[in-house]
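Coordinate-derived values only; no laboratory data. Since this is a predicted model, take the numbers as computed values, not measurements. Virtual Cβ from ideal backbone geometry, glycine too; neighbours counted across all protein chains shown.
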Amino acid sequence: MKKIFLIIFSILLIDQFLKIYIKTHFELGSGFCIFPFFCIFLVENPGMAYGFNLAPGYLGKILLSISRLFLIFFILFFIYKHVKKKSSNYLIIPIILILSGAIGNFLDSALYGLLFNTGTIYNKEYRKWIPYSGISKLSFSNGYASLMEGCVVDIFYFPIINTNFPNWVPFFGGKNFQFFKPVFNVSDIVIFIGIILFLLFKRRIKNIKFL
């Protein structure tokens, strides 16, 4: 179990350090490119990956935060049970990565509203998320939102393809095309790797009872 906690702690340390550094040094919507296809770009996401929400607006935000918390407890129980059973690392390692990513994004949504003085907030009157201006600062007494109301910080942007369709292309002529457009963070990357490893190793773990 010590090795498991060390892996989780290391991932969370890297994830949170990068998020806090970028949020306290860059304005929302700003960044820089290390390579043309690899950029650091600060955005805040009140929902899940690709902006998906469990429900519209503020309700969706709270439901997502609570769902993340339940998912974390479920995965913790799952790992504990299979470590005691000495299950294969082909099962344990991918689940540890998924858990680490889930915790990383949960910390953003649960605590960032309390820890930073500015952030993206939901305006109930206009029924939309309102961005902020300037650079955020850590503020343990003057947060921008309550518990579970923070937004996830995304920082990695990979515009591998960024071009315009030729004018002669039907329907899309002259329009911009980008791949890969979503912005994500270390937690998202770790979750993705965990899922890929799980799928790659599924034949090796197919005889394992999950619960």
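Summed over qualifying helices (DSSP H, 4 residues or more, each -39500 (n - 2.57)) and divided by its residue number, the chain shows a 222 nm mean residue ellipticity of -15500 deg cm²/dmol. Full extension of the chain segment joining F172 with K128 gains 13.0 nm, where the gain is 0.36 nm per residue of separation less the Cα-Cα distance.
Here is what passes the span test in the chain: the DSSP H helices with alpha carbon length of 15 Å or more along the helix axis and a Kyte-Doolittle mean of 1.6 or above are 186-200. Excluding F41 itself, what net charge comes from residues whose Cβ is under 15 Å from its Cβ, given Lys and Arg +1 and Asp and Glu -1? Net charge in that neighbourhood comes out at -1.
The mean sequence separation of alpha-carbon pairs under 8 Å and at least six residues apart, normalised by the residue count of segment 83-182, gives a relative contact order of 24 percent.
Within the chain, the cysteines lacking any other cysteine Cβ closer than 4.7 Å to their own Cβ are C151. Alpha-carbon geometry of the chain: the Rg and the Dmax are 19.3, 63 Å, given in that order.
Segment K85..N162, full-extension length gain: 22.8 nm, with 0.36 nm per residue of separation and the alpha-carbon distance subtracted.
I need the shape label for segment 133-211. Rule: rounded when a/c is under 1.5, else prolate if a/b > b/c, else oblate, with a, b, c from the alpha carbon gyration tensor.
Verdict is oblate for segment 133-211.
In a DSSP loop and with at most 10 other Cβ atoms within 10 Å, the chymotrypsin sites (Phe, Trp or Tyr not before Pro) in segment 134-197 are F140, W168, F171.
Within the chain, what's the longest stretch lacking trypsin sites (Lys or Arg not before Pro) that sit in DSSP loops with no more than 15 other Cβ atoms inside 10 Å? Counting at most 15 other Cβ atoms within 10 Å as exposed, the longest clean stretch of the chain is 1-84.
Residues whose amide H comes within less than 5 Å of that of L28, counting only those at least five positions distant or on another chain, are G134 (H built at 1.01 Å from N in the peptide plane). Summarising the amide proton neighbourhood of Y122: residues at separation of 5 or more, or on other chains, whose placed amide H is nearer than 5 Å comprise I130. For segment 1-101, chymotrypsin sites (Phe, Trp or Tyr not before Pro) meeting the loop criterion (DSSP other than H, G, I, E, B) and having at most 16 other Cβ atoms within 10 Å: F37, F52.
The relative contact order of the chain, computed from alpha carbon pairs under 8 Å that lie at least 6 residues apart in sequence, is 28 percent.
For K124, a cut-off of 20 angstrom between C-alpha atoms picks up these aspartates and glutamates, skipping any fewer than 8 places away in its own chain: E44, E149.
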